[in-house]
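First up is the structure itself, then whatever we jot down about it.
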Amino acid sequence: WWDFAINGDARPKYNGNERVLHHYAGALNSVVLFDRALVAREDVWLWRLASCAAGGPLTTIRPSSGAASMGWHGDPAKLRRDDLSADWGLGLYGHWRNAGAYLVCDREVGEWLCLSCDVVSTSAPPGARCDAAGKEAQVEIAPRDAFRRRVYLQPLGLLMTVDG
C-alpha cells in the first residue's frame with residue numbers, strides 16, 4: 001500500500017487518499033516473494049503474486065522516453081503515470097533480480113500457468129490435466145520476460161539461468 005497523499009506530483013492540490021498502482025517498491029517486494037515461491041513450489045497464489053509484483057512497475061515506464069514514473073495514478077479520473085520518478089532504480093533491480101519464465105502446474109484447475117511466458121504446445125491430449133501428465137510431460141514455452149535468460153520448471157524444481 002502506498003498513496004499519493006505522501007508523495008507524487010498531485011500532492012499540493014490533493015484532497016483525499018489515492019492509491020499508487022504499480023509503485024516501484026512492488027518489484028522490490030517481488031524479491032522475497034520469488035524466494036519464498038521457490039521453496040513453497042506448490043503455492044500457485046504465491047507464484048501469481050510474485051509475478052505481478054515484479055511486472056507491474058514496468059507499466060510505469062513512459063513509452064515515448066523510457067523514463068520511469070514512481071507509480072500509476074489509480075483514481076479513475078486520472079489513470080496516468082505520475083510525473084515524478086522517485087527512486088525507480090530500486091524497482092528495476094527488483095524486476096531484474098527474478099525476471100524469467102516460470103512454468104507452474106496449477107493443481108486446482110489442472111492447467112499449466114506460464115508466468116512471463118506462453119505455453120506453445122504440450123504432449124498431453126486436449127483437456128488433460130497438468131498434474132496427471134507426470135514429470136515426463138513435454139511442454140514447449142516461449143519466454144516473454146524482459147531478459148529471456150531464466151526459466152523455472154516447477155514440476156522438476158529446476159531453475160536454469162543463461163550467463164553470458
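Overview of values
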{"read-out": "Looking only at region 89-101, and only at residues there that are crowded, with 21+ Cβ neighbours inside 10 Å and touching a helix residue (DSSP H, G or I) at 6+ places or on another chain (Cβ under 8 Å), the one that is farthest from residue 43 (Cα to Cα)", "value": "91"}
{"read-out": "Conditions (1) out of contact with any Leu (no Cβ under 6 Å at 6 or more places or on another chain); (2) modelled with pLDDT under 85; (3) crowded, with 21+ Cβ neighbours inside 10 Å; number of the one not met by residue 85", "value": "(3)"}
{"read-out": "Qualifying residue in region 117-128 (condition: closer than 19 Å to residue 52 by Cβ and charged (D, E, K, R))", "value": "yes"}
{"read-out": "Every residue from region 105-131 that is assigned to a strand (DSSP E or B), free of Cβ contacts under 8 Å to residues at least 40 places away in the same chain and under 18 Å from residue 46 (Cβ atoms)", "value": "111, 112, 114, 117"}
{"read-out": "Condition check for residue 50: in contact (Cβ under 8 Å) with a residue 40 or more places away in the chain, assigned to a helix (DSSP H, G or I), touching a helix residue (DSSP H, G or I) at 6+ places or on another chain (Cβ under 7 Å) and over 22 Å from residue 158 (Cα atoms)", "value": "no"}
{"read-out": "Region 61-104: number of residues that are assigned to a loop (DSSP other than H, G, I, E, B) and either in contact with a strand residue (DSSP E or B) (Cβ under 8 Å, 6 or more places away or on another chain) or over 25 Å from residue 48 (Cβ atoms) (or both)", "value": "23"}
{"read-out": "Residue 152 vs. criteria under 22 Å from residue 33 (Cβ atoms), in contact with a Gly (Cβ under 8 Å, 6 or more places away or on another chain) and in a strand (DSSP E or B)", "value": "yes"}
{"read-out": "Positions within region 102-127 being over 25 Å from residue 92 (Cα atoms), open to solvent by less than 50 Å² (accessible area, probe 1.4 Å) and of a type in the set (A, V, I, L, M, F, W, C), in sequence order", "value": "105, 124"}
{"read-out": "Neighbours by Cβ (under 6 Å, 6+ apart or cross-chain): first from region 140-160, at negative phi and of a type in the set (Val, Ile, Thr); second open to solvent by 40 Å² or more (accessible area, probe 1.4 Å) and in a strand (DSSP E or B)", "value": "141/119; 151/160"}
{"read-out": "Any hit, region 118-134, residues being closer than 17 Å to residue 59 by Cα and in contact with a strand residue (DSSP E or B) (Cβ under 9 Å, 6 or more places away or on another chain)", "value": "no"}
{"read-out": "Residue 131 open to solvent by 40 Å² or more (accessible area, probe 1.4 Å), acidic (Asp, Glu) and modelled with pLDDT of 95 or more", "value": "no"}
{"read-out": "Failed item, numbered, when residue 51 is tested on (1) of a type in the set (S, T, N, Q); (2) modelled with pLDDT under 85; (3) open to solvent by less than 50 Å² (accessible area, probe 1.4 Å)", "value": "(2)"}
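The values are calculated or read from the model by the stated rules, or taken from the named source; none is laboratory data. This is a predicted model, so every value here is computed, not measured. Neighbour counts run over all protein chains shown; Cβ positions are idealised from the backbone, glycine included. Heavy atoms of the whole protein, side chains included, go into the accessibility calculation; ligands, DNA and RNA do not. Shrake-Rupley method; radii C 1.70, N 1.55, O 1.52, S 1.80 Å.
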